[in-house]
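**Student:** Dropping the structure in here first, questions after.
Only the coordinates and a few stated rules stand behind these numbers; no lab work does. As the structure is a prediction and not an experimental result, all values here were calculated from the model. In this analysis, Cβ positions are derived from the backbone assuming ideal geometry, glycine residues included, and neighbour counts consider all displayed protein chains.
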């Protein structure tokens, strides 16, 4: 099985602009290193850190280079810079001593920016000073098979534009090309309850046989957003979260690695998936975009012509069960449920599936940092559809274990906001769930 993942991001400042990096989609608009250093910066690279590493050892010292590029660290002595010194020479880290932030059991940190020349970019766009600090982390020794078999990615996106202007209408998305054995027999659906786009088979696969795996591409923690009536009671009716005046309904969570506690945002919720879309090279309106405007349409759940797919007439899917196709929200491709019941908007044509999962639109202020945690979750059951059920259950386990939230996303245009149920799981047993 191959699951190639990358990202695209869009902004609307004076016009539509898009850039990304993902091998399967041939987007290579980012280069290694920070915005303010040349592309041949010797600090470029991938920095590994693990919970099992010796305290104050080589990897802790080498982390100084990562810190110079935006890597996080615990400033135990409070002097404002990273210097991992064993102050009492006992070989044990203590809270008054500096140490790297460690996500998961093992993490890999790197930095890249959109400084690639317009002549070499997919859409010939000029660089905008966007910097991405990416940490891939795993739990290879976890007692939970669901967590052990998953891969997690934290994206920290920084506006380092020299213009000093905010990036308006910023949209971030992850792109995935999941090949489950045979590359042409994959199906897709959007699990709105789990912030996920799912790739699966609905039968046998030539390579995996009768029980091919399923893969969830999941938004685990989105950037906090404040929504009157959903995340807070707007006491003064100004549509803005005012601490000390308004009343929090929920609290958003952005986890950090060991030894940090999670960051909590009262009055906010973690942003949810906003749209999903399939890429189909054999279909004219779903092929890979050729310019920023087409890419922007995809980020909004539309086709290349800027039109939503029509569940009632879309040739590659159908609406089954008691659901009326006129009530299905087309912003989420195939938002029905293949198991159990095979109801709602379901895809009916296996393809070489490629997907995009876009997140809530925001404004990225100068110097501001947006954080997204995503997960690639894979399980293999006794049949193709049983693999879907097992992978969905694995995502539930991961959400509960990490203290993630998920909010019901509207899949029907007839649903009312007042019916949105919210579930929060911030376990007291795991004060820092991404470190154990």
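**Student:** Taking each pair of different alpha-carbon atoms in the stretch 15-72 once, compute 1/r for the pair, average those values, and report the inverse of that mean as the Kirkwood hydrodynamic radius in Å to one decimal.
**Tutor:** 13.9 Å
**Student:** Counting only helical runs of four or more DSSP H residues, what would the 222 nm mean residue ellipticity of the chain come to if each run contributes -39,500 (n - 2.57) and the total is spread over all its residues?
**Tutor:** About -3000 deg cm²/dmol.
**Student:** Also, I was wondering about something else. Can you run the Rg to Rh ratio on the stretch 87-239? Use alpha carbon positions and the Kirkwood inverse-distance Rh.
**Tutor:** 1.05
**Student:** Please give the FRET efficiency for residue 207 paired with residue 168, using the beta carbon to beta carbon distance and R0 = 30 Å, rounded to the nearest 0.05.
**Tutor:** 0.10
**Student:** Which FRET efficiency value, to the nearest 0.05, is calculated for residue 369 and residue 238 with the Förster distance at 25 angstrom and r the Cβ-Cβ distance? Working shown, then result.
**Tutor:** Numbers: r = 26 Å, r/R0 = 1.04.
For residue 369 and residue 238, the calculated efficiency is 0.45.
**Student:** Along the Cα→Cβ direction, 7 angstrom out, place labels at residue 120 and residue 83. What is the inter-label distance in nm?
**Tutor:** Each label point is offset 7 Å from its Cα along the Cβ direction, giving 3.8 nm.
**Student:** Starting from the Cα coordinates of the stretch 26-173, work out the convex hull volume and express it per residue in Å³.
**Tutor:** Dividing the Cα hull volume of the stretch 26-173 by its residues yields 152 Å³.
**Student:** May I pose another question? Could you state the per residue volume, in Å³, of the convex hull enclosing the Cα atoms of the stretch 151-297?
**Tutor:** Roughly 192 Å³ of hull volume per residue.
**Student:** What length, rounded to one decimal in nm, is gained on full extension from residue 65 through to residue 287, with 0.36 nm per residue of separation minus their alpha-carbon distance?
**Tutor:** Gain on extension, residue 65 to residue 287, equals 75.8 nm.
**Student:** Shifting gears a bit: Report the Cα centroid-to-centroid distance between the stretch 89-112 and the stretch 13-58 in angstrom, as an integer.
**Tutor:** 19 Å
**Student:** Label-point separation (nm) for residue 349 and residue 382, each offset 7 Å from Cα along Cα-to-Cβ?
**Tutor:** Distance between the two pseudo-spin positions: 3.4 nm.
**Student:** Here is a follow-up. If I compute Cα extents along the principal axes in Å from the structure I just sent, which labelled value in (1) 69, 54, 49; (2) 68, 49, 49; (3) 78, 57, 46 lines up?
**Tutor:** (1)
**Student:** Given R₀ = 41 Å, FRET efficiency for residue 50-residue 326 by Cβ-Cβ distance, to 0.05?
**Tutor:** Working: r = 53 Å, r/R0 = 1.29.
With R0 = 41 Å, the Cβ-Cβ based efficiency is 0.20.
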